[in-house]
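Enquirer: Have a look at this one before I ask anything.
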């Protein structure tokens, strides 16, 4: 494993060096570009942060657009526009979720630089790149690293011996480090350190996927439920539910899992609580007892002030 990690590190290191020296060229936009990403694999909370970022930019009078690769979608080589009515199978579960919450212009394309150019032509004056820290072909003005407060950098080794796509030192070049400390009191690290911004992912309600009145998550306290999570870190979702006193029967699936009816043959008819990212793909499979659990990212106001100050100081900011 360590030998493979060394090979991976060599290949990615050469690629990064070629971009740094200008041998490989990054493509610039006429508007500021904000990249949200991480140097490790697995779920860290990038999508909730991206949603919160786009919503805050909209509230501040910007017209943000989102560029995403759209992992797990059909026909990945085909660029597509994404809106609230888009089929997650065609555009990807995370882009569908971002579009649902923000209504922002959103473009999925394996070439995020091309997606950014298209968004600018469509009238966006800021481009937010979802999960694109290693996509150096797109030049960026602000980098936001998102890190799991519980796992952090793991054993600090590169893939496949460890969780890292790039060395820990790469994170030092990012403008902001956001530490996901969990949600609703779930355990994370002791707290974000100096130069780090804490983020909580807060959940309050369970929304019936087939329609109907929302329920407070606290109303499931003391009940057994089937909990479904096909995300980078399913255990984080299960832990959050247990924090409400819910008796969780966990069902973990791979990230970006494509669900079928057989996946829900649990052998007992209990309420089913799933992440919102999973729920967007399960509308045609849902029964009355299937619920989506949305989360929202909460960060200190000082983080937004610092981010907006840096954005407004960026050349080309509206």
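Enquirer: Helix 2-20: angle to the longest alpha-carbon principal axis of the chain, degrees 0 to 90, nearest 10?
Expert: Relative to the chain, helix 2-20 is tipped by roughly 50 degrees.
Enquirer: Would you compute, from DSSP H runs of 4+ residues alone, the mean residue ellipticity of the chain at 222 nm, taking -39500 (n - 2.57) per run and dividing by the full residue count, rounded to the nearest 500?
Expert: One gets -7500 deg cm²/dmol as the mean residue ellipticity at 222 nm.
Enquirer: Percent relative contact order of region 204-294, based on C-alpha pairs within less than 8 angstrom and at least six residues apart?
Expert: 39 percent
Enquirer: Using the alpha carbon gyration tensor of the chain, what are the three equivalent-ellipsoid semi-axes (square root of 5 times each eigenvalue), largest first, in whole Å?
Expert: Equivalent ellipsoid semi-axes, largest first: 32, 22, 20 Å.
Enquirer: With contacts defined as alpha carbon pairs under 8 Å and 6 or more residues apart, what's the relative contact order of the chain in percent?
Expert: About 20 percent, as a whole number.
Enquirer: Order the peptides 212-223, 163-174, 65-76, 44-55 from the highest to the lowest mean number of other Cβ atoms within 10 Å of their residues.
Expert: My ranking of the peptides, most packed first, is 44-55, 65-76, 163-174, 212-223.
Enquirer: Given Cα pairs under 8 Å that are at least 6 residues apart, what percent is the relative contact order of region 37-117?
Expert: Relative contact order of region 37-117: 33 percent.
Enquirer: So what are region 116-249's ellipsoid semi-axes, whole angstrom, largest first, if each one is the square root of 5 times an eigenvalue of the alpha-carbon gyration tensor?
Expert: 32, 22, 14
Enquirer: Turning to a different aspect of this structure: What do you get when you divide the Cα radius of gyration of region 204-294 by 2.2 N^0.38 Å, with N the number of residues?
Expert: Compared with the compact-globule rule of thumb, region 204-294 sits at 0.96.
Enquirer: I've got another one for you. By count of other Cβ within 10 Å, fewest leading, how are 17, 304 ordered?
Expert: 17, 304
Enquirer: Still on this model: Just need the Rg to Rh number for region 163-318, please, alpha carbons only, Kirkwood Rh.
Expert: Rounded to two decimals, Rg/Rh equals 1.05.
Enquirer: Next up: When the expected Rg is taken as 2.2 N^0.38 Å, what fraction or multiple of it is the alpha-carbon Rg of region 37-93?
Expert: 1.27
Enquirer: Average projected area of the Cα convex hull of region 1-101, in nm²?
Expert: Projected area, direction-averaged: 8.8 nm².
Enquirer: Can you tell me the orientation of helix 301-312 relative to the chain, as the angle in degrees between its alpha-carbon axis and the longest Cα principal axis, to the nearest 10?
Expert: Approximately 40 degrees, to the nearest ten.
Enquirer: If you fit an axis through the alpha-carbon atoms of helix 112-121 and take the longest principal axis of the Cα set of the chain, what angle between them do you get, 0 to 90°, nearest 10?
Expert: The two axes meet at around 90 degrees.
Read the figures in this text as sums done on the coordinates, not as results from a lab. A quick note: this is a predicted structure, and the numbers were derived from the prediction, not measured. We place every Cβ from the backbone using ideal geometry, glycine too, and count neighbours over all the protein chains shown.
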